[in-house]
Amino acid sequence: MPDTMLHGFSGSTYVRTARIILRRKGVDYDQNPVNVLEGEPRQPEHLERHPFGKVPVLDIDGHRLRETDAIVTYLEAAYDGPSAIPESAWDKARAQEIVSLIHGYGYDALIGVTFYHIKPDFIGNPSEEQHHETLDQAKKFMKLVGEIRNGDDWLAGAHCSMADYYLGPLVFYTNMTPHGSELLEAGGLTDWWERLSKDSDFAATEPDMG
């Protein structure tokens with residue numbers, strides 16, 4: 001049995017990012033599917049792992065890591081395998097810029113658009129006006145990502161990176177809504193999505209929506 005345990009359910013976009021990097025690094029692990037939609041991260045057992053009730057949490061090599069950025073940083077530094085960190089200083093900075101923009105603006109906007117259609121009660125049943133405001137923010141975010149990409153095959157250069165693996169799980173969900181195509185088009189990212197969808201590590205971590 002692996003000594004590594006990933007806490008968090010596969011439907012979480014941030015958990016999926018962690019799973020992608022674990023897979024790329026060839027790390028054998030077990031998964032404790034702490035379900036955000038069922039409120040499980042707020043239960044005492046998980047609050048002992050993460051006092052703010054978030055996922056993922058990774059127990060690995062005798063350490064406990066909270067937050068996806070820390071998990072990705074550790075795995076990239078500690079394990080062999082394909083790197084999700086670009087080589088050049090410029091591409092590395094662009095990848096980090098996109099990840100930071102996701103944390104600050106993109107995540108809330110894209111998840112807000114998604115949940116309005118598939119689980120509105122989870123986000124407080126927003127009004128149609130609030131939905132359109134969120135959609136505008138999502139388009140603004142995607143447009144900026146497209147500008148940062150600047151015509152490259154991937155979001156931050158010639159190779160798939162952490163930027164792609166953070167944004168991809170969010171786009172997977174927005175594509176379930178009526179706004180999927182227009183959000184991709186807002187950033188000129190349709191070809192990028194087609195390319196990412198064929199990436200073996202991304203495809204292998206697709207959550208079971210059944």
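Table for the structure above
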{"quantity": "Kirkwood Rh, angstrom, the stretch 89-204 [1 / mean 1/r, Cα pairs]", "calculated": "14.2"}
{"quantity": "Cβ-based exposure ranking for THR177, THR134, in which fewest neighbours within 10 Å come first", "calculated": "THR177, THR134"}
{"quantity": "Full-stretch length increase - ILE85, SER197 - with 0.36 nm per residue and alpha-carbon distance subtracted", "calculated": "38.4 nm"}
{"quantity": "Antiparallel DSSP beta bridges within the chain, as percent of all bridges there, nearest 5", "calculated": "75"}
{"quantity": "Percent RCO, i.e. relative contact order, over the chain, from Cα pairs under 8 Å lying at least 6 residues apart", "calculated": "22"}
{"quantity": "Three-way shape call for the stretch 5-78 based on the alpha-carbon gyration tensor, with the a/c threshold at 1.5", "calculated": "prolate"}
{"quantity": "Sequence ranges 83-94, 68-79, ranked by mean other-Cβ count within 10 angstrom, highest first", "calculated": "68-79, 83-94"}
{"quantity": "Count of lysine pairs in the chain with Cα separation under 30 Å (8 or more residues apart, or interchain)", "calculated": "20"}
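Computed from the coordinates by the stated procedures, all read-outs in this text should not be read as laboratory data. Bear in mind that the values here come from a model prediction, so they are computed numbers and not experimental data. Cβ: placed from backbone, ideal geometry, glycine included. Neighbour counts: every protein chain shown.
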